[in-house]
Amino acid sequence: MTGTRVNTGPGRLLVAVYGVFALAAGARAAVQIATKYHEAPLAYVLSAFAAAVYIVLTVALARGARGTALAACVIELAGVLVVGTLSVIDPAAFPHATVWSGYGSGYGFIPLVLPLVGLLWIFRTRGPE
């Protein structure tokens with residue numbers, strides 16, 4: 001599979017999944033920020049940030065921008081691990097869930113698995129050094 005473009009084959013499915021997550025997280029964050037921001041501003045801003053990362057990943061993967069996709073996947077994985085860990089250690093700090101709370105448990109842990117799949121695909125499809 002070495003040398004395959006990042007936006008072909010299974011990469012197209014990855015683009016679609018990230019697109020769905022961008023839409024879901026973005027819509028959720030927009031509604032939460034517009035209607036009840038005062039209840040949990042950190043959680044809602046983190047959900048908006050997650051949506052932004054998913055948008056960047058969707059576009060980067062669709063365009064074959066491997067470097068941007070790699071950076072965004074690393075940011076996503078770090079976000080899931082940090083927010084997931086903090087939300088487990090101190091649930092009171094996150095009275096309302098974010099996309100990445102509990103390692104993405106509200107989304108079937110897909111937010112935890114997705115960046116790992118994305119990184120695997122990005123590295124698997126890289127060309128000769």
Which condition number does Ile89 fail, the rest of (1) exposed (fewer than 15 other Cβ atoms within 10 Å of the Cβ); (2) modelled with pLDDT under 95; (3) more than 19 Å from Ala22 (Cβ to Cβ) being met? (2)
Do we have Ala40 as in contact with a helix residue (DSSP H, G or I) (Cβ under 9 Å, 6 or more places away or on another chain) and at pLDDT 95 or above here? no
In the range 44-59, which residues are more than 13 Å from the chain's Cα centre (by Cα) and crowded, with 23+ Cβ neighbours inside 10 Å? Tyr44
Residue check for Gly79: closer than 17 Å to Leu119 by Cβ, of a type in the set (Gly, Ala, Ser), surrounded by 16 or more Cβ atoms within 10 Å (Cβ to Cβ) and touching a residue at least 60 places away in the same chain (Cβ under 8 Å): no
The range 60-69, residues that are in a helix (DSSP H, G or I), in contact (Cβ under 8 Å) with a residue 12 or more places away in the chain and surrounded by fewer than 18 Cβ atoms within 10 Å (Cβ to Cβ): Arg63, Thr68
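The values are calculated or read from the model by the stated rules, or taken from the named source; none is laboratory data. Keep in mind the model is a prediction, meaning the values are calculated, not measured. Glycine gets a Cβ as well: all are built from the backbone with ideal geometry, and neighbour counts include every protein chain shown.
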